[in-house]
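Visitor: Below: one structure in C-alpha cells.
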Amino acid sequence: MVLIPARMSEAEEQRWVNVMLDKLAAQESKRALGDAELAERARRLSEQYFGGRARPASVRWVTNQNTRWGSCTPAEGSIRLSHRLQGMPEYVVDYVLLHELAHLLVPGHGPRFWELLTAYPRTERARGYLEGVVAAERLPHVPGARGESPAG
Ligand SMILES: [Zn+2]
C-alpha cells in the first residue's frame with residue numbers, strides 16, 4: 001500500500017507513485033558507482049547524446065553539496081554530483097550527469113540548453129523524480145520519505 005496525503009493533486013499523486021516505484025527499483029539494483037565508473041559513464045553519455053562533444057576533465061561524487069544535485073565548473077571541466085543521488089535509479093543519475101555535461105557546452109538554462117537535453121528520452125521523468133524527492137522530504141509523515149519502509 002502506498003499512502004498518499006489527501007491534499008495531493010492527481011498529478012502529484014502519480015508523480016509520487018512513480019517515485020515509490022523507482023525507489024523500489026533502486027533498492028533492487030543498489031550499487032554506488034565509484035568516481036572512475038562515474039567518469040566512464042559520463043564519457044559514454046556524452047558519446048551517445050552529445051556526439052562526444054562534452055569532455056569533462058573530472059567527474060566525482062561530493063558529500064558537501066546538499067542544495068544541488070549536480071554542479072560543474074566549465075572553466076575547469078569539472079563535474080560534481082551530490083552523494084544524495086547514490087541509490088537513485090540509474091536514469092536519474094544519468095540525467096544529472098547529462099545536465100552537467102550539457103553545461104560544458106551551453107551555460108545557463110536557456111532554450112539551447114534544454115534542446116540538448118531533449119536528446120535524452122528520460123529527461124522529463126528524471127526531473128519529475130527529483131521534484132518528487134524534494135517534495136517528499138518536505139512532507140512529514142510520508143512513508144519512504146525518511147528511509148521508512150514504503151510498504152504499509
Ligand atoms: Zn543546470
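Visitor: Residues in the range 52-82 that are over 14 Å from the mean Cα position of the chain (by Cα), part of a strand (DSSP E or B) and hydroxyl-bearing (S, T, Y): how many?
Guide: Looking only at that region, the number is 3.
Visitor: For the range 34-51, how many residues are outside any helix (DSSP H, G or I) and either modelled with pLDDT of 95 or more or buried (at least 18 other Cβ atoms within 10 Å of the Cβ) (or both)?
Guide: Counting residues in the range 34-51 that are outside any helix (DSSP H, G or I) and either modelled with pLDDT of 95 or more or buried (at least 18 other Cβ atoms within 10 Å of the Cβ) (or both) gives 1.
Visitor: Please determine, by comparing only the residues of the range 96-121 that are away from the ligand (no atom under 11 Å from the Cβ) and not in a helix (DSSP H, G or I), which one is surrounded by the most Cβ atoms within 10 Å (Cβ to Cβ).
Guide: Checking each candidate, the answer is Y120.
Visitor: So which residues in the range 122-131 are in contact (Cβ under 8 Å) with a residue 40 or more places away in the chain and within 14 Å of the ligand (Cβ to nearest atom)?
Guide: Scanning the range 122-131 gives a single hit, L130.
Visitor: Which number in (1) modelled with pLDDT under 90; (2) within 29 Å of E13 (Cβ to Cβ) marks the one condition that N64 misses?
Guide: (2)
Visitor: Yes or no: E148 exposed (fewer than 15 other Cβ atoms within 10 Å of the Cβ) and at pLDDT below 90?
Guide: yes
Visitor: Sticking with this one: Take the range 57-75 and flag every residue that is among the hydroxyl-bearing types (S, T, Y) and within 11 Å of the ligand (Cβ to nearest atom).
Guide: Selection gives S71 alone.
Visitor: Then there's this: Could you list all residues from the range 122-140 that are assigned to a helix (DSSP H, G or I) and basic (K, R)?
Guide: Within the range 122-140, R125, R127, R138 meet the criteria.
Visitor: For the range 76-86, check the following and say yes or no: at least one residue is surrounded by 14 or more Cβ atoms within 10 Å (Cβ to Cβ), under 27 Å from Q14 (Cβ atoms) and within 12 Å of the ligand (Cβ to nearest atom).
Guide: Checked the range 76-86: no residue is surrounded by 14 or more Cβ atoms within 10 Å (Cβ to Cβ), under 27 Å from Q14 (Cβ atoms) and within 12 Å of the ligand (Cβ to nearest atom).
The values are calculated or read from the model by the stated rules, or taken from the named source; none is laboratory data. All of these numbers come straight from a predicted model, not from anything done at the bench. Cβ: placed from backbone, ideal geometry, glycine included. Neighbour counts: every protein chain shown.
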